[in-house]
Amino acid sequence: MSVATPSVRSLSGLVARPGTASTAVSAPVKIDVDRMNFYYGAKRALDGISIQIRANLVTAFIGPSGCGKSTFLRSLNRMNDIIPGTRVEGTVLIDGQDIYTPGVDVVELRRRVGMVFQKSNPFPKSIFENVAYGLRINNMARSKAELNDRVEESLRQAAIFDEVKDRLHESALALSGGQQQRLCIARALAIRPEILLMDEPASALDPIATQRIEELIYDLKKTYTIVIVTHNMQQAARVSDHTAFFWLGRLVEYDRTDRIFTAPAEKLTEDYVTGRCG
Ligand SMILES: Nc1ncnc2c1ncn2[C@@H]1O[C@H](COP(=O)(O)OP(=O)(O)OP(=O)(O)O)[C@@H](O)[C@H]1O
Ligand SMILES: [Mg+2]
C-alpha cells in the first residue's frame, strides 16, 4: 500500500499559548532524533524519523500494528543492537550526545534509558532480588542498609510496596500480572534512569491494574522523561502530553495530545484516531 508522505509538524514551531500548552512546548528537549532510518537486513522499518521528545513529559507513540513503534522505541536505548543485521542511519541525541557514535558505553546508556516491556518479565527470583539486581551489578549501593533503602524506595515509587512489603523474599513469579508489571517498573526505576521507555505496559492488564499504571506514569513524569507505546487511544489521551502518530515506518504527525485527538493536521491521523482506519 502506498501512502503519500505528509509533512510532519514540529512542536518547536508552535506558538506557545498560556496554560499547560506553553509549559509543554517550552520543556527542554531530552531526545532529539534527526532523519533516522532503520533497517532489519535489507528491509527498511523506519523512514526519515525526526522528532524532539521533551523532558519530564509523557510522549505517546500510536499507530497500527507493524508501523515501527517498538522498533523506534528500542532504537532510543540501542536495544536493537542485539538483533543481528540491523542498521541505523541518521542521528539520535540524548542531552545533546549522539548515542550511536563510536565509543558510547551501551551499558551506561541503557542504565540512563530504562525500558519496560509489554509482557512483564520478572526474573525467577524473589521480589527483593528483582529490584536489588541492577543495584548490585551497577555497584549502586555501598551497604546492605543502602540496598534495602533503595529497593524499598523503588517499590514505593512503582506503587507496589504496600502490597509486597510482607513477602519481599517470596518469588516474584507468584505475583499477579499487574503486580509483576509494577515490579518490573520498580526494577527499571531502581537504577535511576532519566528516561523510561514503556512498550504497551498495560496491554495485558485488567482495567484496575491499568488505572494504577496510568496513575503511576502521571506521578513519574515529575522525575522522568517517559515514552509510552500504546494501542489504546483513550490511554494515550489520558496519560500523555504529546502524541506521535506512526504509519508504515513514518512519523506522520507529532503534536500536543489534545490537538492530535481533537484537531489533527493530517487526514490520516484523524482517520486513525477516530477508528476509520488502522
Ligand atoms: N526482529 C525483527 N526482524 C525483522 N523484522 C522485524 C523485527 N522486528 C520487527 N520487524 C518488522 O519491522 C516492522 C515494524 O515492527 P515493530 O515491531 O516495530 O512494529 P509495532 O508498531 O511495534 O507493531 P505492534 O503494534 O504490532 O507491536 C514490521 O514490519 C516488523 O515485521
Ligand atoms: Mg510493538
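In whole percent, how big is the carbon plus sulfur part of the accessible area of the chain, probe 1.4 Å, protein atoms only?
C and S atoms contribute 51 percent here.
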Using r as the Cβ-Cβ distance of Arg136 and Glu89, and R0 as 35 Å, what FRET efficiency do you calculate, to the nearest 0.05?
0.40
Val107 versus Lys267: modelled label distance in nm, points set 7 Å from Cα along the beta carbon direction:
5.3
Column: log10 I(q)/I(0), Debye, Cα scatterers of segment 169-217, q = 0.15, 0.30 Å⁻¹:
-0.41, -1.23
Full extension between Phe123 and Arg35 adds, at 0.36 nm per residue less the Cα distance, a length in nm of 28.0 nm
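In square nanometres, what is one fourth of the surface area of the convex hull spanned by the alpha carbons of the chain? Let's see the in-between values first.
Values: hull surface 61.9 nm².
Taking the Cα atoms of the chain, their convex hull projects to 15.5 nm² on average.
Just list whichever of Lys165/Lys222; Lys30/Lys222; Lys119/Lys222; Lys144/Lys222; Lys69/Lys125; Lys125/Lys165 have alpha carbons separated by over 19 Å in the model shown. Please list the in-between numbers first.
On the way: Lys165/Lys222 25 Å; Lys30/Lys222 14 Å; Lys119/Lys222 25 Å; Lys144/Lys222 28 Å; Lys69/Lys125 31 Å; Lys125/Lys165 16 Å.
The pairs that break the limit, which is 19 Å between Cα atoms, are Lys165/Lys222; Lys119/Lys222; Lys144/Lys222; Lys69/Lys125.
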Can you tell me the equivalent ellipsoid semi-axes for segment 127-209? Use √(5λ) from the Cα gyration tensor, largest first, whole Å.
21, 15, 10
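What whole-number volume per residue, in cubic angstrom, does the convex hull of the C-alpha atoms of segment 159-278 give? Write down the numbers at each step before the final one.
On the way: hull volume 14.7 nm³, N = 120.
Cα convex hull per residue, to the nearest whole number: 123 Å³.
When the chain is fully extended, how far beyond the present Cα-Cα distance does Ser143 get from Asp47, taking 0.36 nm per residue of separation? Write out the running numbers ahead of the final one.
On the way: separation 96, 0.36 × 96 = 34.56 nm, distance 4.76 nm.
Answer, rounded to one decimal: 29.8 nm.
Counting only DSSP beta bridges with both residues in the chain, what percent are antiparallel, rounded to the nearest 5?
Working: 25 of 42 bridges.
In the chain, DSSP labels about 60 percent of beta bridges as antiparallel.
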Could you derive backbone 3J(HN,Hα) for segment 141-157 from the dihedral phi with the Karplus parameters 6.51, -1.76 and 1.60 (θ = phi - 60°), listing whole Hz in sequence and x where the residue is Gly or Pro?
10, 8, 9, 4, 5, 5, 4, 4, 5, 5, 5, 4, 4, 5, 5, 5, 4
So, taking all protein chains as they sit and a 1.4 Å probe, how much accessible area belongs to Thr71, in Å² rounded to tens?
10
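The values are calculated or read from the model by the stated rules, or taken from the named source; none is laboratory data. Remember, it's a predicted structure, so these values are computed and weren't measured experimentally. Please note: Cβ atoms are built from the backbone with ideal geometry, for glycine as well, and neighbour counts cover all protein chains shown. All accessible areas refer to the heavy atoms of the entire protein, side chains included, with ligands and DNA or RNA removed. Shrake-Rupley method; radii C 1.70, N 1.55, O 1.52, S 1.80 Å.
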